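Student: Structure below; questions to follow.
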Amino acid sequence: MIESIEGDRIGVRCVECRESRAVELRGIEVRTLNSATAVVALPTCACGAVEFLVRAMRPEPEEPGGTTHRHQLLVDHLHATLARQGRVTPDSKDAEKVCPEVARDVLARWFPDGFSLWPGDAR
Ligand SMILES: [Zn+2]
């Protein structure tokens, strides 16, 4: 999962070994799968785990503001950022359409203190 987005890097926590690490945006790309779905493959963790962040149409969150909802917003924001920067795989089509920007007021509402799942945490 990703825990934060800061400038040109993201904070990642491995779902297998729980280790945290920083990943540079220049090392990852968006791949579009169809007109509404895209994935970002995170670099392989030292433990061997490979994680994919998926952007897709989804229903209203069951728990607005919960960790699942806010993680998904970070994933969507990351996809939009990469697409806008042209960091997309050669086989991707219309990446900026597939990965639109998350509405500013939504980001401002759920991330008033920056793009971190755990605001105020010094990790
Ligand atoms: Zn790991």
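Student: Excluding residue 51 itself, calculate the net charge of residues whose Cβ lies under 13 Å from the Cβ of residue 51, where each Lys or Arg counts +1 and each Asp or Glu counts -1.
Tutor: 0
Student: Add +1 for every Lys or Arg and -1 for every Asp or Glu among the other residues with Cβ under 14 Å from the Cβ of residue 88, and state the total.
Tutor: +3
Student: Then there's this: What number does the range 2-110 give for Rg over Rh if you use C-alpha atoms and the Kirkwood radius?
Tutor: On the Cα set of the range 2-110, Rg over Rh gives 0.95.
Student: What's the ranking of 70-78, 109-117, 3-11 by average number of surrounding C-beta atoms within 10 Å, highest first?
Tutor: So the order, starting with the most tightly packed, is 70-78, 3-11, 109-117.
Student: Along the range 67-74, what does the Karplus equation 6.51 cos²θ - 1.76 cosθ + 1.60 (θ = phi - 60°) give for ³J(HN,Hα), rounded to whole Hz, x for Gly and Pro?
Tutor: Residue by residue, the range 67-74 yields 4, 4, 4, 5, 4, 5, 5, 4 Hz.
The numbers here are math on the coordinates, done by the rules we state, and not lab data. Nothing here was measured: the structure is a model prediction, and the numbers come from that model. A quick note on method: Cβ atoms are made from the backbone with ideal geometry, for glycine too, and the neighbour counts reach across all protein chains shown.
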